[in-house]
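Everything below concerns the one structure shown next.
Laboratory data are not the source of any read-out in this text; all were calculated from the coordinates shown. Computed from a predicted model, the values in this text were never measured in an experiment. Every residue, glycine as well, gets a Cβ built from its backbone with ideal geometry; the counts of neighbours run over all protein chains shown.
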Amino acid sequence: MAENEWLSKDFYKVLGVSKDASDQEITKAYRKLARKYHPDLNKTKEAEEKFKDISEAYDVLSNKDQRQKYDAIRQFGMGGARFAGGSGQGGFDASGFADMFGGMFGGGAGGNGGSRIRFSTSGGGNPNLNDIFSMFGGAGAASGPQSAGGYGGYQGYEEAPRPQRGEDRNSKITLTLRQAIKGATVSLSVDGSKFKTHVPAGVRDGQKIRLAGKGHAGLNGGAHGDLYLNVSVKSDPKFAMRGRDIVMDLPVTLAEAVGGAKVVAHDIDGNEVTFKVPAGSSSGTEVRIGGAGVQRGNTPGDLVGRVMIHVPAKPGLGVKHAAKEFDKASGDFAGELASER
C-alpha cells in the first residue's frame, strides 16, 4: 500500500489495539485475527477482505520505521502537526504541520498580510501527500526525496516503497513408508494458524515439497513467500520403495524355488497377494505383480518380490540326506557353483 493512502486507513482500529500498543500486543492481536479470518479456515468473501486488511495493518505496525511514518502522516492528516524552527534551525518537529500548511488549505499563510496559498486536488477530499511534499523541493512530482531548503533541514517525502515478496519458510515432516507410498494428509501450523495439506503418493526421503503462499507475509502489499517441507521417510523392516515399485523379500522353500510355485504373501496394506515363482528360481530372482506399486500418474509401479530361499536352521538327518541326494541328482551343478566362489 502506498503511504499516501494511509490517511484513510486506521490500522490500530483494524487490529483492535491502542495507538501506544507494544510490538508484542500488535503481534498477538494479528495472530488472533489471522486464525479467525485466514482464507484456508474461513472461506467467505468477507473473511478474505478482512484478512487482507489485517495483513496490511500488521505489515506497517510491525515495522518500526513504517509505524513512525504512519503515525506522523496520520497526525498531519488530522491537523495536529507543526514545523519547529523558523529559518533552517532546530530541525524538524514531527509533532505538527498546522502553521505551515494552514495557508495551503484555506487558512492564513503565516506572517503579516501574507498572500493566501491554496492547494487543490483532482479528486477533492484530503490533499495528496506526494503533491504536498513536492512543493518543498521545487518540483512537481519528483520520484525521489526532495530538499526542504530553509524549512528546518527537512528532507521531504520519500517515494512509497515498492511491494516486497515475503521470505520463504522451511519446515520438516516425518512419514512412515506406507504414508510415503500411499500419500497422506498432514496438519501444519504457521504463525499459530493451522491448515492441512496433501503429500502426494510416492514422495521420497529427502524430497522438498513447495507450498505456495505459505511463507512469511510480504511488505507494502507484497505477496507471501513459500513454505518448503523437507520430507523424511522412516525405513520399514519388510518393504522398500524403488522409484514407483514397492520391493519386498519373498521367502520360499527349496522345493518351491526348484519346482516353481504360487506363493501367497501380504502387501503393505496387509492384503493377500499371490506371486508366481518360476521353476529354477534362485535367491535374488525378482517376480512381479503388475500395477500393485505406487499409484501415481498414468503408469503405476509394480509390487516386486525378491526370492529368498530359506532352509531349516536345524535340519534333521532326513533333511540332510535329502539335500545330499538333491546335489547328486543335480549333476555338475554343485561343482559349477563351487567354481564361481
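Data table
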read-out: Under 27 Å from the Cα of Lys314 - lysines, other chains or at least 8 residues apart; value: Lys238, Lys262, Lys324, Lys328
read-out: Length gained when the stretch Lys13-Glu286 is fully extended (0.36 nm per residue, less Cα-Cα span); value: 91.4 nm
read-out: Shape call, region 7-60: gyration tensor on alpha carbons, a/c limit 1.5; value: oblate
read-out: Taking region 158-304 and dividing mean pair separation by its residue count, relative contact order in percent (alpha carbons under 8 Å, at least six apart); value: 22 percent
read-out: Given charges at Cβ of Lys, Arg, Asp, Glu: region 203-273 dipole, positive-most of Tyr228, Val252, Gly218; value: Gly218
read-out: Residues of region 36-68 with amide N under 18 Å of the 7 Å Cα→Cβ point at Ser22; value: 61-64
read-out: Relative contact order %, region 247-309, counting alpha carbon pairs below 8 Å whose residues are six or more apart; value: 38 percent
read-out: Amide N of region 254-295 lying under 15 Å from the label point, which is placed 7 angstrom from the Cα of Val311 along Cα→Cβ; value: 254-258, 282-283
read-out: Packing-based ranking, highest mean first, of 52-62, 164-174 given that Cβ atoms within 10 Å are counted; value: 52-62, 164-174
read-out: Cα→Cβ-extended label distance, 7 Å offset, between Ser339 and Val273, nm; value: 3.9 nm
read-out: Point-to-point label distance, Asn230-Lys208, nm (Cα→Cβ direction, 7 Å offset); value: 1.0 nm
